[in-house]
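The values are calculated or read from the model by the stated rules, or taken from the named source; none is laboratory data. All of these numbers come straight from a predicted model, not from anything done at the bench. All Cβ positions, glycine included, derive from the backbone under ideal geometry; neighbour counts span all protein chains shown. Quick note on the areas: whole protein, heavy atoms, side chains included, nothing else; ligands and nucleic acids left out. Shrake-Rupley method; radii C 1.70, N 1.55, O 1.52, S 1.80 Å.
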Amino acid sequence: MEKKVEIPEVPEELFTERLKLRMPKPGDGKVINAAIKASMDELKPWLGFVLENPSPTDTEVNAMEAHILFLKRENLRYLIFDKETDEFIGSTGFHNIEWDMPKMEIGYWINTVHSGKGYMLEAVSTLTDLALTSFGCRRVEILCDAENLKSRAVPEKLGYVLEGVLHNDELSVDGKRLTDTCIYAKWQ
């Protein structure tokens with residue numbers, strides 16, 4: 001007999017001091033795509049979806065798919081907006097969700113014009129708290145390329161533990177070399 005897993009209440013919106021995080025909705029593709037285009041040089045080495053230079057239509061389809069996955073509780077992407085101006089800042093969320101454990105991974109990217117302002121720290125801190133308290137997660141992970149120092153700074157500043165580095169773990173986004181993956185975690 002298959003065990004029924006209780007999935008906790010998942011908020012569609014979260015608010016921090018400066019930010020509004022909300023699930024993707026149809027129509028979000030245009031603003032997301034503009035941020036991707038503005039940040040291509042910084043994102044391209046780390047994120048495969050940027051390598052192909054997605055069209056606004058591709059990004060809209062992706063936002064709609066993210067909306068559906070959010071509703072199904074399979075992947076919980078949150079778009080990050082400035083609470084005062086409603087300007088799009090970036091994206092974060094939970095993937096590799098194992099509700100039966102429970103544990104999950106947090107990923108993120110930011111529009112370059114908003115880098116260095118602490119927005120991602122604020123957003124990821126909020127998601128970490130949500131996972132460990134409201135969702136009752138026993139473990140939250142952040143995985144990133146060992147060479148992506150800006151991405152690594154987020155878990156390090158939030159007190160995540162670097163559990164290890166997986167050497168030659170992935171192919172680089174351009175497929176030309178092997179890369180190392182850092183595994184950061186928090187648990188209770």
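For this structure, a couple of remarks:
- Projecting label points 7 angstrom from Cα along Cα→Cβ for Glu52 and Lys4 puts them 3.9 nm apart.
- Rounded to the nearest 20 debye, the dipole magnitude of the chain is 180 debye, with +1 charges on Lys and Arg beta carbons, -1 on Asp and Glu beta carbons, and the Cα centre as origin.
- Convex hull volume of the Cα atoms of region 111-182, normalised per residue: 107 Å³.
- Legend: residue pairs Lys37/Lys150; Lys157/Lys186; Lys44/Lys83, Cα-Cα distance threshold 21 Å; pairs beyond threshold, Lys44/Lys83.
- Heavy atoms of the protein chains alone define the surface here; on that basis region 11-185 has 50 Å² accessible area per residue at 1.4 Å probe size.
- Cα-Cα P(r), region 11-185, percent of pairs per 5 Å interval: 1, 8, 17, 21, 22, 18, 10, 3, 0
- Hits among aspartates and glutamates - C-alpha to C-alpha of Lys25 under 15 Å, sequence gap 8 or more where chains match: Glu12, Glu13, Asp58, Glu60, Glu65, Asp86
- Expressed as a whole percent, the accessible surface of the chain that belongs to carbon and sulfur atoms is 51, based on a 1.4 Å probe.
- Solvent-accessible ranking of Thr128, Thr133, largest area first, probe 1.4 Å: Thr133, Thr128
- Pair Lys117, Asn168: separation of 7 Å Cα→Cβ label points (nm): 4.3 nm
- Overall Cα dimensions of region 9-114, principal axis frame, Å, largest first: 38, 31, 24
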